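Working notes for the structure below.
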Amino acid sequence: ANDTVGNTNNTETRTIRLDTSNPEIYYNPNTDANNSFVNRDWIFINVTASDLTKDSVGLEWNGTNETFAYSDEDLYWENKTELSGGTYSFYAWINDSSGNFNSTTTRTVTVDIINPTITDLTESPDDQSNYSSGQTYEFNATITDPNLDTVLIEFDGTNYTPSNLTEDIYNFTITDLAAGTYNYRWFANDSANNINLTVLHDYTVNNASGDITLLINGSASNQSGPYKTQTNASAS
């Protein structure tokens, strides 16, 4: 500006940066995957967060906003350790000096460090039963785990998938076993690959005990006759 006598004045020069782009942020491959199960007590989170006017980068861990424990330029990471069993959720976020914001997707990871339990094994008929043609044999087990994945029974060297009778009770049924001794064991694993299996159990089917009837001349009654009388004997 100037006046009629030649006096002038001006403001300082100001520079304005227009920034309408969101910052960039993404998970790195060594971050635990979404909806995964891990059989350890830690979860690792690693992200890359970048922007020309980067202001803040944070971690939302199970509903609580935190600062990453470690960073190096655009890399941010944290290892959550000594976790108890359960499901955890998290995401990372970034904003810049212009107020632009971005975040990763939310990931959920389940920590499971406990093996499935296998209890209450039952056999029907009881071990050492006698052979009976067409007999049905049943083997039951109670198997529990909040993240149970697979249940098998290995019977005489072959794996079978048992039926799930109720929430925790599993049944294996087989018919017409020949007389002899068989071995079996139960196996279970969960979604975090925790495994449990029983010791080998023996199951014996005894030979059938039959009744023998001795017939003399076609009769089971007592008989007598002179010496050297011809006699026919048979058994049934």
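Taking the Cα atoms of segment 99-154 alone, what are Rg (to one decimal) and Dmax (as a whole number) in Å?
Values for segment 99-154 (Cα only, Rg and Dmax): 22.8, 82 Å.
Suppose we flag trypsin sites (Lys or Arg not before Pro) only when DSSP calls them loop and at most 16 other Cβ atoms lie within 10 Å. Which is the longest uninterrupted stretch of the chain? Mind showing how you got there, number by number?
Numbers: sites that count: Arg14, Arg17, Arg40, Lys228.
My reading of the result: 41-227 is the longest stretch.
Give the Rg (one decimal place) followed by the Dmax (whole number) of segment 117-206, computed from C-alpha coordinates and expressed in Å.
For segment 117-206, the Cα-based Rg and Dmax read 13.4, 43 Å.
If you consider only alpha-carbon coordinates, what radius of gyration and Dmax does the chain have, in Å?
Over the chain's Cα set, Rg and Dmax evaluate to 39.1, 171 Å.
Taking θ = phi - 60°, what integer Hz values does the Karplus form 6.51 cos²θ - 1.76 cosθ + 1.60 yield along segment 187-199, in sequence order, with x for Gly and Pro?
Those phi angles translate into 9, 8, 9, 10, 5, 8, 6, 6, 10, 9, 8, 7, 6 Hz.
If contacts are Cα pairs under 8 angstrom and at least 6 residues apart, what is the relative contact order of segment 117-206 in percent? Walk me through the numbers before you get to the answer.
On the way: 195 pairs, mean separation 30.4, N = 90.
Computed over segment 117-206, the figure is 34 percent.
No value in this document is a laboratory result; all are computed from the given coordinates. As the structure is a computational prediction, the values presented were derived from the model and not from experiment. When we count neighbours, we look across all protein chains shown, and the Cβ atoms used for this are built from the backbone with ideal geometry, even at glycine.
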